[in-house]
Amino acid sequence: MNEVIERILNHRSIRSFEDKPLTEDQIHTIIESAQAASSSSFIQAYTIIGVTDRKKKAALAQVAGSQEYVEKNGHLFVFCADLHRHDVIAEMENKDLGEPLESTEKFMVACIDAALAAQNASLAAESMGLGICYIGGIRNDLPAVSEILQIPTRVVPLFGLTVGYPEKITDKKPRLPLTNVYHINGYQQEKDTFIAELREYNDIVSRYYLERTGGKRADTWTGQIASMLEKKSRMYMKEFVEKQGLNKR
């Protein structure tokens, strides 16, 4: 096993950082690594916003559910699906790109491009000995985030990425069994096998939480996820995305 694979397999989210900012060189290397990710048809439909202003970081932390590590970290990046620059391209090249830019396909391309770039950025950061944590909580209130970050039309902030020097390293969370996520030559739909694998995984996750919390918590994975999905959250998203001029066709 090589160093890159070891780094990937050793990933865990870091939620406690030292009070030490990243250097400009580190930030630029992380961004350049993000830009090196694959991009569908070279469309490069994403933008990354670095947030250094303390008041803005505090406001974003509040939106994300008062998560302290959104405010206190080495650097905060916000990854956005971005087709705004393609509106500019339309003007530059005298083309009518309205309908294509409003399509679900192009919105998916923008989201995928942003996610690929973010994972490259994360791997680059971790290779420097830094820790990272994705922040989906900024989607709690995207209108507020858009105001804070001055987001134009055809742009949707997708998630934050906190990066910094780890103050506390948590245990690695166990993932689903490989056979539950990797199917050969088609989607395997043997329900009893599927359920048996999930029950076995529930036992693993429950033991993980018992050990991590000293016996105070013993959630199963299916129970945890079912309870989370039962609660309606961010139900405004479709309306917001369409208002931004995306995913309308």
Taking the chain as a Gaussian network, where each spring joins two C-alpha atoms under 10 Å apart, which residue of Lys106, Lys238, Lys72 fluctuates the most? Lys238
For region 118-249, what Kirkwood radius comes out of the mean inverse Cα-Cα distance, in Å? 18.5 Å
Under Karplus coefficients 6.51, -1.76 and 1.60, residue-wise ³J(HN,Hα) of region 79-93 in Hz, glycine/proline x: 9, 10, 6, 9, 10, 5, 4, 7, 5, 5, 4, 4, 5, 4, 9
Any chance you could give the angle, 0 to 90 degrees and rounded to 10, that helix 191-213 forms with the longest Cα principal axis of the chain? 80 degrees
Listed residue (Ala37, Ile204, Pro100) projecting farthest to the positive dipole end of the chain, Cβ model: Ile204
Give, as a single signed number, the net charge of other residues whose beta carbon lies under 14 Å from the beta carbon of Ile112, with Lys and Arg counted +1 and Asp and Glu -1. -2
Tell me the label-point distance for the pair Glu239, Glu147, using the 7 Å Cα-to-Cβ offset, in nm and rounded to one decimal. 1.6 nm
So the pair-distance distribution of the chain, from every Cα-Cα distance in 5 Å bins, comes to percents of 1, 6, 11, 13, 15, 17, 15, 12, 7, 3, 1, 0, 0
Gyration tensor on Cα atoms of region 105-158, a ≥ b ≥ c root eigenvalues, a/c under 1.5 rounded, else prolate if a/b beats b/c, else oblate, says oblate
Plugging the Kirkwood radius over Cα pairs into Stokes-Einstein for region 178-218, at a temperature of 25 °C and a viscosity of 0.890 mPa s, what D comes out in µm²/s? 211 µm²/s
Among Lys72/Lys243; Lys57/Lys232; Lys191/Lys216; Lys106/Lys191; Lys172/Lys231; Lys57/Lys172, which pairs are too far apart, with a Cα-Cα distance over 30 Å? Lys72/Lys243; Lys191/Lys216; Lys106/Lys191
Along region 29-43, what does the Karplus equation 6.51 cos²θ - 1.76 cosθ + 1.60 (θ = phi - 60°) give for ³J(HN,Hα), rounded to whole Hz, x for Gly and Pro? 5, 5, 5, 4, 5, 4, 5, 6, 5, 4, 9, 4, 6, 6, 6
note: region 1-99, Cα-Cα separations exceeding 17 Å make up a percent value of 68 percent
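Computed from the coordinates by the stated procedures, all read-outs in this text should not be read as laboratory data. Source: prediction; values computed, not measured. Here Cβ is always computed from backbone atoms with ideal geometry, including for glycine, and neighbour counts include all displayed protein chains.
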